[in-house]
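For reference, the structure is listed below as structure tokens.
The numbers here are math on the coordinates, done by the rules we state, and not lab data. If you're wondering where the values come from, they're calculated on a predicted model, not measured in any experiment. Cβ atoms come from the backbone with ideal geometry, glycine included; neighbour counts cover every protein chain shown.
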Amino acid sequence: AEKLLEVKNLKTSFFTHVGEVKAVNDVSFDVYEGQTVGIVGESGSGKSVTSMSIMRLIAPPGKIVDGQIIFEGKDILKLSEKEMRDIRGNKISMIFQDPMTSLNPVFTIGNQLIEAIKIHNKVSKAQAKKRAVEMLKLVGIPSPERRLSQYPHEFSGGMRQRVMIAMALSCNPKLLIADEPTTALDVTIQAQILDLLKKLQQQLKMSIILITHDLGVVADICQKVIVMYGGIIVEEGTVDDIFYNPKHPYTWGLLRSVPKMHLGLKKRLVPIEGQPPDLLKPPKGCPFAPRCEYAMRVCLEARPPLFEVGDGHRSRCWLNHQYAPQELLEKVKAA
Ligand code: SF4
Ligand code: MG
């Protein structure tokens with residue numbers, strides 16, 4: 001497959017009156033055509049800022065300070081706002097957590113969907129309506145003809161999210177960015193929406209970036225997982241790497257906080273103790289050090305590089321250094 005998107009050394013900061021908040025601090029990753037990439041992290045880890053940077057929707061006091069975002073071979077950071085609008089509406093689409101904020105309550109679903117279709121395609125109103133019905137069918141909304149004349153409040157949360165997905169797909173995007181698309185939904189509906197995204201991805205061969213704080217959400221639909229912490233990537237690998245052979249203490253913590261729904265247990269989740277780093281004063285060393293039970297002296301002094309720990313598997317932890325102290329590695333194995 002071809003590379004669709006290449007994020008290179010992206011730095012995005014917010015310039016507040018108390019100083020520069022380095023929300024995304026040197027992030028690089030690729031998305032291939034037809035690939036689903038999960039970006040996982042707590043709130044404030046930089047995952048949403050990364051996606052808003054890709055859409056070039058960072059507003060002041062925020063600013064993309066450095067890096068490249070190469071989409072279909074072109075650096076979109078160099079495009080004019082007009083050229084960017086074209087990409088945003090036609091090639092990259094985005095869906096958010098709460099569809100109610102993105103749907104207009106005073107217009108019918110049909111109205112809004114037909115408008116969206118007409119913006120992106122040169123079609124008559126009748127053709128747009130026909131396509132709107134098809135889109136609603138595609139996202140699994142029953143009796144779509146009747147549904148077109150209803151208002152957003154007449155839809156359940158899950159159905160509204162399906163409508164938003166239909167809107168996002170009305171331009172046939174190459175890349176869909178889904179930022180916490182299921183967070184506001186209950187568990188059963190969440191599973192249905194993820195299932196739908198997976199089906200659509202296979203059917204339409206688009207790429208998806210799925211942003212979530214919940215590692216459990218990515219297991220089923222992503223091929224690649226990026227774990228972010230404090231504005232940087234701390235681990236990257238395949239779903240199998242991340243779930244069965246994780247190499248970073250933060251990922252271990254996230255895994256302990258994943259509900260084991262398939263086991264039918266309501267196991268108590270283990271949150272990671274402590275606070276995320278203050279990005280106004282990013283620590284000199286590893287940003288996870290204050291919360292890490294394996295922290296060594298070097299962790300406070302120098303930021304670890306992303307170590308290659310397998311084919312396409314990278315981890316930013318001094319434990320992955322070949323000279324990491326043996327007794328710590330024993331402790332890790334025992335845990
Ligand atoms: Fe913990 Fe050190 Fe690894 Fe950071 S580099 S995660 S502090 S062991
Ligand atoms: Mg967010």
Simple label model, 7 Å out from Cα along Cβ direction - Gln203 to Asp220, nm: 1.7 nm
Neighbourhood charge, 11 Å Cβ-Cβ cut-off, centred on Asp98 and excluding it, Lys, Arg +1 and Asp, Glu -1: -1
Point-to-point label distance, Val332-Arg256, nm (Cα→Cβ direction, 7 Å offset): 1.6 nm
Tilt relative to the chain, helix 109-120 - C-alpha long axis, 0 to 90 degrees, to 10: 80 degrees
GNM result for the chain, Cα springs below 10 Å: residue of Gln275, Gln161, Gln202 fluctuating most strongly: Gln275
Nonlocal amide H pairs with Val234, under 5 Å, H built at 1.01 Å: Val227, Met228, Tyr229
Of Lys8/Lys247; Lys137/Lys199; Lys198/Lys224; Lys11/Lys281; Lys247/Lys331, pairs whose Cα-Cα distance is over 21 Å: Lys8/Lys247
Where only C-alpha atoms are counted, convex hull volume of the range 92-219 per residue in Å³: 98 Å³
Charge sum, other residues only, whose C-beta stays under 14 Å from Arg147's C-beta, Lys/Arg counted +1 and Asp/Glu -1: +2
Partner aspartates and glutamates for Lys333 [C-alpha distance under 16 Å; skip if fewer than 8 residues away on the same chain]: Glu293
Neighbour net charge for Ala184 - beta-carbon separation under 11 angstrom, K R +1, D E -1: -2
Helical mean residue ellipticity (222 nm; -39500 (n - 2.57) per DSSP H run of 4+; nearest 500) of the chain: -9500 deg cm²/dmol
Most mobile listed residue (Val133, Val218, Val270) in the chain, GNM with C-alpha springs under 10 Å: Val270
Stokes-Einstein D for the chain, Kirkwood Rh over Cα pairs, 10 °C, 1.306 mPa s (µm²/s): 75 µm²/s
Entries of Lys78/Lys205; Lys91/Lys205; Lys22/Lys284; Lys3/Lys174 with Cα pairs more than 20 Å apart: Lys78/Lys205
³J(HN,Hα) computed for each position of the range 123-135 - Karplus, 6.51 cos²θ - 1.76 cosθ + 1.60, integer Hz, glycine/proline x: 9, 6, 4, 5, 5, 5, 5, 4, 5, 4, 4, 4, 5
Dipole magnitude of the range 102-170, debye to nearest 20 (Cβ charges: Lys/Arg +1, Asp/Glu -1, about Cα centre): 200 debye
Cα-Cα separations in the range 180-244 greater than 14 Å, expressed as whole percent: 60 percent
Computed lengthening from Lys3 to Lys63, 0.36 nm per intervening residue step minus Cα-Cα distance: 19.0 nm
Estimated translational D of the range 102-170 in µm²/s (Stokes, Kirkwood radius over Cα pairs; 20 °C; 1.002 mPa s): 185 µm²/s
Calculated from backbone phi, Karplus (6.51, -1.76, 1.60) coupling profile of the range 151-157 in Hz, x at Gly/Pro: 9, x, 5, 7, 9, 6, x
GNM result for the chain, Cα springs below 10 Å: residue of Ser257, Ser48, Ser156 fluctuating most strongly: Ser156
J(HN,Hα) series, the range 47-57, from Karplus relation 6.51 cos²θ - 1.76 cosθ + 1.60, nearest Hz, glycine and proline x: 5, 5, 5, 4, 5, 5, 5, 5, 7, 6, 10
Pair Thr183, Asp75: separation of 7 Å Cα→Cβ label points (nm): 3.1 nm
Fraction of beta bridges assigned by DSSP in the chain that are antiparallel (%, nearest 5): 65 percent
Unit Cα scatterers, Debye sum, the range 156-295: log10 I(q)/I(0) for q = 0.17 Å⁻¹: -1.05
